[in-house]
Amino acid sequence: MNAWESDLELVKRVLAGERAAIDEFSLRMQCVPLILASLNARRGRPFSAADTTDIAQDVFVLLWRKLDVYEGMSTLESWVFRFCHYEFLNALRRRQRARQSESIESGAEWTANAPRPTGAVAYARLHEILERLSPREASVIRAKHFDGLTFDEIGARLGIPPNTAKTHYYRGIERMRPLLLSMREEIE
Amino acid sequence: MTRAHVEQHEPWLVEAIDGRLDARDERRAALADCEVCAPLLADMEALRDGLDDAGRLERDVLAEVSGARESDAARRGAAQARAAIAQLAAPPPSARSRRWLVPLAIAATLALAAYWITTHWRAGEPAPAPSVSRPQLGGEGVLRALTVTRGADGALELAWEAVDDAASYDVELFADESATGAPLFVSNGLAEPRCAVPSDQVARLPARVTVRVQPWDVNPRRLSPLRASFQQP
């Protein structure tokens, strides 16, 4: 059994309410505050430790609510990373919006030097766009770009021929294009 | 000078998107000169690079986290995770201590239903306006006074009762009543308690839709989420 299959097994046991599985799952979820701390450091620490603790709490709630959609297509940590990143960027956007409205209320002018949340928006939208693809297309694209797998390895993981994996990949990328264009229009 | 598009470009495009043609490859240069393929190639490569960046970030962060498993931060993280999961995994107190109320609740519901039928059915209750569907309540907090109207252009307009202390709202639409699947539509940071769903997005929604609203206060801090289901008008 590979890491993803054993993670899926663990999640099924958690959903069944097995005490030992919940304990093991809790231990694995120590990655949530660590991922958020790392993202915070990479962004120049816009949040205090107390803020990241609050964001972690939001991630735990979200994870628990979505646990039954985990399909074992990536490791638990990789799956959890997406929720952490999503909530982190949401918190960042909310903070930027609040600061913008504060500066508008105080009469301050928006200057070209003020940080715009384009990077955050782009990352968040990329994940949103992936969510709109078929599960198979999204799995192949994630496996290729996020897990760094070849089409042979993706085929082996998903139990499909490598050429079918390629077809899902190109179809998915093609379907992402119009969504990417509308995302660009929003940013501009 | 731009070159004319030929059928031969299509397999090259696939190879270029896949990263098999480097920047100096003649086939890639031909694509970049083709008026049909050039914008497609630029968009696809930007998309591929964006995905590569997102993937690299994920791998780097997870490698860093994996190396910090024995640190003090990891121990604090484990304590927070344990407390949060324990709280989420515990059944609500009411479910443990008030199970005897279930038969009484069923009996009361049946009595109310019988009363409603005798007082309303025969009296001929007027049907709701055709453009507004009446929501059924979900299991989370109740999204009050939800109205759903369809505009002339096919867009849906959702409106609900403002939540006390809410400064903004995030909205997600789901196909499943439990609102646990991937959202079909997301709109964040709405200043007013209403949300427009464009007609191209409406086309992707099933007949029955569950809406989940996440209100935020001015700090901004998350307030209790609210949910309701509705039939598309």
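The values are calculated or read from the model by the stated rules, or taken from the named source; none is laboratory data. Keep in mind the model is a prediction, meaning the values are calculated, not measured. Note that each Cβ is placed from the backbone with ideal geometry, even for glycine, and that neighbours are counted across all protein chains shown.
Overview of values
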read-out	value
Flag if B:Leu31 is away from chain A (no Cβ under 11 Å), surrounded by 17 or more Cβ atoms within 10 Å (Cβ to Cβ), hydrophobic (A, V, I, L, M, F, W, C) and not in a helix (DSSP H, G or I)	no
First in the range B:1-24 and within 14 Å of another protein chain (Cβ to nearest Cβ) and more than 15 Å from A:Tyr170 (Cα to Cα), second anywhere and surrounded by 12 or more Cβ atoms within 10 Å (Cβ to Cβ) and not hydrophobic (A, V, I, L, M, F, W, C), Cβ under 8 Å, 6 or more apart	none
The range B:2-22: number of residues that are in a loop (DSSP other than H, G, I, E, B) and either aromatic (Phe, Trp, Tyr) or more than 19 Å from A:Ile141 (Cβ to Cβ) (or both)	8
Candidate set: the range A:127-154, residues that are touching a Pro at 6+ places or on another chain (Cβ under 9 Å) and within 9 Å of chain B (Cβ to nearest Cβ); chosen: the one modelled with the lowest pLDDT	A:Glu128
Residue in the range A:77-95 that is hydroxyl-bearing (Ser, Thr, Tyr), surrounded by fewer than 20 Cβ atoms within 10 Å (Cβ to Cβ) and outside any helix (DSSP H, G or I) present	no
Of all residues in the range A:96-120 being surrounded by 12 or more Cβ atoms within 10 Å (Cβ to Cβ) and modelled with pLDDT of 55 or more, the one that is farthest from A:Ala143 (Cα to Cα)	A:Ser103
Count of the range B:166-212 residues which are within 21 Å of A:Arg125 (Cβ to Cβ), among the polar types (S, T, N, Q) and facing another protein chain (nearest Cβ under 9 Å)	2
Test result for B:Leu156, touching a helix residue (DSSP H, G or I) at 6+ places or on another chain (Cβ under 8 Å), under 26 Å from B:Ser229 (Cα atoms) and at pLDDT 65 or above	yes
Candidates A:Thr75, A:Thr52 - the one that is facing chain B (nearest Cβ under 9 Å) and touching a helix residue (DSSP H, G or I) at 6+ places or on another chain (Cβ under 8 Å)	A:Thr75
From the options A:Phe83, A:Phe88, residue that is away from chain B (no Cβ under 11 Å) and closer than 11 Å to A:Val32 by Cβ	A:Phe83
